[in-house]
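Step one of this worksheet: look at the structure below.
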Amino acid sequence: MRFPFLFATRGCRAVYRLHQKQFLSPVPPLWEHRSSAALSTQLCKDDRSYYITTPIFYVNASPHLGHLYSAVLADCLHRYKLLQGFNSKFATGTDEHGLKIQQAAEAAGKDPLTFCTGVSKQFRHLFSSCNISYTDYIRTTEQRHREAVEHFWSVLWNKGLIYKGSYEGWYSTQDESFLMPSQVGDALDSLGKEIKVSLESGHKVEWMKEENYMFRLSAFQSQLLDWLRGNPQAVQPERFHQAVLKWLQEDLPDLSVSRQRSRLQWGIPVPGDDEQTIYVWLDALVNYLTVAGYPDKHNQWWHVARHVIGKDILKFHAIYWPAFLLGAGLPLPQVIHVHSHWTVGGKKMSKSLGNVVDPLERSQMFTADGMRYFLLRQGVPDSDCDYTDDKVAKLLNAELADSLGGLLNRCTAPALNPAQVYPSFCPQSFPRAHGGRAVHEDYHMLDAIQKLPAVVEKHYEAMHIYKALEAISACVRLTNGFVQRHTPWKLDRKNNEDQRWVDTLIHISLECLRIYGTLLQPIVPETSNKLLSRLGVQPHERSWAGLNFLARYQGMDCPFEGRALGSDSGVLFSRLEPHNADKQKPKKTKKSANLK
Ligand code: MSP
């Protein structure tokens, strides 16, 4: 069933090459008086638009932790780009058509649209509870989407890329995926009956034979290989890029892109043929274009599109989707950011195992910021991660409550900072050349924090959020060590020299906190807001351009020196009891407990 490729593709190739530009910023050298923000501006001055998407979520069941993870990752990138002054669009939503949803609605005894509306609302509710700041929430049952899909189909049809054929092979309804015989294995179902399953997902597959429409996927094999080889950053992390290259070296048969209407009613009919329904993955992938304004207003956004996806849907995004786009003569996504999965007890979450983690319940238990921080700090895109409540409580206590919260308490406590101001920095006490009261480790700390924004920028760009958080957390520890080393509470404030040194120590610590608060905004927006407000940092001073650390040490004016701190609105992040965290409400700690 292979067809020679007869269509004009050279133009398409030129289009995607043109748009595969990367904006990764190098790390500026130490103490260079050019902020990383300026660097980004310089590299991207020709285009300040950014478009990030999550996968659209199936509405056959309520949201689980993995869904929130995809959304939090994309939200973090969107917020980060806004801080850098980009015009960022962030799309999420729900995938509502297909056999799987049709069957779930039947099982629930509801008409499909009512059923979809109910579950779609649950996703929206979860996302607003977790501060997922999407700019567009799309449902594939919307009219604007139907128009985009119909148009997209017609473009492929008019180019001769879709033909009437027949498909015979394995299909997994759970994955809504066609499988090659080599991707199928034997298994027993819960009643001990022999069944065939997808080797990748473990989901049951069925043999199907249908007249339907086929897309000439085989014709795009070499173009897809060229694209991936010419754009090593197109699929990240590298191991997933390699996986796609490997798949592309195998046979790439044409793809069935419709189902008989008699089997699948819940979907968009094929234009001009009411007997056929468009394949749900083609329908779903086009959502990214719909949000961009396709078919007539997508140009501003489409060439800067980036997708965040889980590893289970890589084939659809890195093979089918680029092939459809090449066929339609549209630019390919700039980057496909792939993440791995969350497991529970080392196993995939599933209803039958009863190990599904409810993200809404957990975000109420650990707070929205708590869950965001945990997922982004522990989630490693390269490999699966196991979830336990205990891990969440321990991490949040150690890094948000004790380390970051403790540092803020120490530096703003009335006992140490009775005037409640951002005190002055004294260059004689902490000179650029050694000779004042600062020691070697203090210079090392300044060095690390000066470099931090560029380090974080590099990791945010690559969606290595855990590495960015690791770096921030290490710096917070350095600042705590700095305060501990100099024990400002033991100094004699009546002595002028000591007083100047105490002020300098606090000034530096507050500067460190300001940098951490600014960098953490994409991760923990509420906590960062509380932190920056307590420091008296105004909303317009919280962008990436405001990351100039310790201006006074660099011989410049510091806009914060002498400024009154913001009001004290309580503990930055409340400690949680690690044992039985699930039974525990956040517990208030005495602020003074962290003073020493
Ligand atoms: N509807 C399709 C996507 C269409 S996009 C054009 C779909 N939906 S899904 O609801 O099954 O999955 C949505 C996202 O959740 C995917 O990125 C998937 O990888 C992610 N996760 C589902 N389970 C997961 C974990 N256990 N852990 C992490 N993410 C996982 O696929």
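Odds and ends about this structure:
Each row is one residue, and each column tells you yes or no for (1) modelled with pLDDT under 95; (2) not aromatic (Phe, Trp, Tyr).
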residue	(1), (2)
Lys348	yes, yes
Lys351	yes, yes
Gln364	no, yes
Phe374	no, no
Lys394	no, yes
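- In this structure, Trp501 does not qualify as open to solvent by 40 Å² or more (accessible area, probe 1.4 Å) and at negative phi.
- Counting only helices (runs of 4 or more DSSP H) that sit completely within the range 383-497, those holding 1 or more residues that are touching a strand residue (DSSP E or B) at 6+ places or on another chain (Cβ under 6 Å) correspond to 465-486.
- Any hit, the range 195-218, residues being exposed (fewer than 12 other Cβ atoms within 10 Å of the Cβ), at pLDDT 90 or above and either among the basic types (Lys, Arg) or more than 30 Å from Gly267 (Cα to Cα) (or both): yes
- Matching residues in the range 319-350 - criterion: being in a loop (DSSP other than H, G, I, E, B) and over 20 Å from Glu238 (Cα atoms): Gly329, Leu330, Pro331, Gly345, Gly346, Met349, Ser350
- The lone criterion from (1) in a helix (DSSP H, G or I); (2) in contact (Cβ under 8 Å) with a residue 12 or more places away in the chain; (3) open to solvent by 10 Å² or more (accessible area, probe 1.4 Å) left unmet by Glu361 is number (2).
- For Leu375, the conditions (1) away from the ligand (no atom under 16 Å from the Cβ); (2) outside the structural domain of Cys76 (by the TED database); (3) of a type outside the set (Asp, Glu) are fulfilled apart from (1).
- Every residue from the range 282-318 that is near the ligand (Cβ under 7 Å from one of its atoms) and open to solvent by 20 Å² or more (accessible area, probe 1.4 Å): Lys311, Asp312, Ile313
- Of the listed requirements (1) buried (at least 17 other Cβ atoms within 10 Å of the Cβ); (2) within 30 Å of Val308 (Cα to Cα), Leu478 misses just one: (2).
- Scanning the range 436-445 for residues being buried (at least 17 other Cβ atoms within 10 Å of the Cβ), in contact (Cβ under 8 Å) with a residue 12 or more places away in the chain and within 21 Å of Glu497 (Cβ to Cβ) gives a total of 2.
- Here Tyr387 meets the list (1) aromatic (Phe, Trp, Tyr); (2) closer than 30 Å to Leu576 by Cβ; (3) more than 28 Å from the chain's Cα centre (by Cα) almost entirely, failing just condition (3).
- Residues of the range 160-170 classified as surrounded by fewer than 16 Cβ atoms within 10 Å (Cβ to Cβ) and at pLDDT 95 or above, total: 3
- Test for Ser222: is it polar (S, T, N, Q), open to solvent by less than 20 Å² (accessible area, probe 1.4 Å), more than 26 Å from Thr94 (Cα to Cα) and at pLDDT 95 or above: no
- Residue that is most open to solvent (accessible area, probe 1.4 Å) [pool: residues in the range 244-265 that are touching a strand residue (DSSP E or B) at 6+ places or on another chain (Cβ under 8 Å) and not polar (S, T, N, Q)]: Arg263
- One residue from Leu469, Leu408 being more than 27 Å from Ser70 (Cβ to Cβ), crowded, with 19+ Cβ neighbours inside 10 Å, assigned by the TED database to the domain that holds Val537 and in contact with a Lys or Arg (Cβ under 9 Å, 6 or more places away or on another chain): Leu408
- Qualifying residue in the range 521-538 (condition: in a loop (DSSP other than H, G, I, E, B), open to solvent by less than 20 Å² (accessible area, probe 1.4 Å), under 19 Å from Thr412 (Cα atoms) and at pLDDT 95 or above): yes
- The set of residues in the range 160-174 being in contact with a Lys or Arg (Cβ under 9 Å, 6 or more places away or on another chain) and either in contact (Cβ under 8 Å) with a residue 60 or more places away in the chain or farther than 25 Å from Tyr58 by Cβ (or both) consists of Gly160, Leu161, Ile162, Tyr163, Ser166, Tyr167, Glu168, Thr173, Gln174.
- Listed by position, the strands (runs of 3 or more DSSP E) inside the range 159-238 whose residues that are under 24 Å from Gln249 (Cβ atoms) number at least 2 are 162-172, 177-179, 184-188, 206-215.
- Candidate set: the range 321-349, residues that are surrounded by 22 or more Cβ atoms within 10 Å (Cβ to Cβ) and over 26 Å from Ala462 (Cβ atoms); chosen: the one farthest from the ligand (Cβ to nearest atom): Gly327
- Any chance Glu461 is open to solvent by 60 Å² or more (accessible area, probe 1.4 Å), in contact (Cβ under 8 Å) with a residue 40 or more places away in the chain and either over 23 Å from the mean Cα position of the chain (by Cα) or within 30 Å of Ser70 (Cβ to Cβ) (or both): no
The values are calculated or read from the model by the stated rules, or taken from the named source; none is laboratory data. As the structure is a prediction and not an experimental result, all values here were calculated from the model. Quick reminder, even Gly has a Cβ in these numbers, built from the backbone with ideal geometry, and neighbours come from all protein chains shown. Please note that ligands, DNA and RNA were not included when accessible areas were found on the heavy atoms of the full protein model with its side chains. Shrake-Rupley method; radii C 1.70, N 1.55, O 1.52, S 1.80 Å.
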